[in-house]
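*Asks:* Shown below is the structure under consideration.
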Amino acid sequence: MTEPLDEDQVAMLRRAFSMFDTGKKGGIEKEKVRTILNTLGLMIDEQELEVLLEAANKDESDKLNFDSFCKVAVHFLDEDDEVMQKELKEAFRLYDKEGNGYIPTSSLREILMALDDQLTPDQLDEMIAEIDTDGSGTVDFDEFMEMMTGD
């Protein structure tokens with residue numbers, strides 16, 4: 001039996017869910033769940049994920065609502081925050097090739113577009129404005145962490 005999610009985890013998952021629920025319809029495609037979990041730096045067992053997605057997707061709509069998404073995600077969230085932070089750091093490093101401690105918002109735009117090709121330029125601008133809070137045109141690791149975890 002998995003532990004119930006704490007408030008921080010729920011907030012983090014809600015933020016991630018919202019990023020991918022582009023039409024704000026309260027549902028995300030099943031295949032985006034894998035992307036979100038990967039983006040959050042979680043280790044995923046593909047077969048386990050498939051089984052969980054099938055179980056969560058009772059209405060066969062290929063979309064999961066937030067509760068179903070949480071039920072799936074909770075299985076992969078048993079890592080402590082330190083491990084997760086380390087994994088997010090690794091993900092960030094992939095894009096911070098020069099090791100400057102920040103990535104340009106253009107890279108962030110690429111990441112977001114790769115994660116969800118349904119995003120409109122306006123939605124991307126809005127998301128980037130939310131993330132690049134200081135308007136620097138770059139996203140440092142703290143801003144990236146905040147985007148991913150809400151800390």
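The values are calculated or read from the model by the stated rules, or taken from the named source; none is laboratory data. Owing to the predicted nature of the structure, the values given are computational and were not obtained by experimental measurement. Glycine also receives a Cβ, built like all others from the backbone with ideal geometry; neighbour counts cover every protein chain displayed.
*Asks:* Taking only segment 125-134 into account, find how many residues are surrounded by fewer than 17 Cβ atoms within 10 Å (Cβ to Cβ) and of a type outside the set (D, E, K, R).
*Replies:* Within segment 125-134, residues that are surrounded by fewer than 17 Cβ atoms within 10 Å (Cβ to Cβ) and of a type outside the set (D, E, K, R) number 2.
*Asks:* Now a separate question. Tell me, please, whether a residue that is part of a helix (DSSP H, G or I) and of a type in the set (Gly, Ala, Ser) can be found in segment 2-14.
*Replies:* Yes, segment 2-14 has at least one match.
*Asks:* Considering segment 84-128 alone, what residues qualify as being polar (S, T, N, Q), assigned to a helix (DSSP H, G or I) and in contact (Cβ under 8 Å) with a residue 12 or more places away in the chain? Explain how you work it out, then say what you get.
*Replies:* Filtering segment 84-128 down to residues polar (S, T, N, Q) leaves 85, 100, 105-107, 118, 120, 123.
Right, trim to assigned to a helix (DSSP H, G or I) and you get 85, 105-107, 123.
Passing the criteria: GLN85, THR105, SER107, GLN123.
*Asks:* Here's a follow-up. Does GLY41 satisfy being of a type outside the set (Ser, Thr, Tyr) and either in contact with a Phe, Trp or Tyr (Cβ under 8 Å, 6 or more places away or on another chain) or modelled with pLDDT under 80 (or both)?
*Replies:* Criteria met by GLY41.
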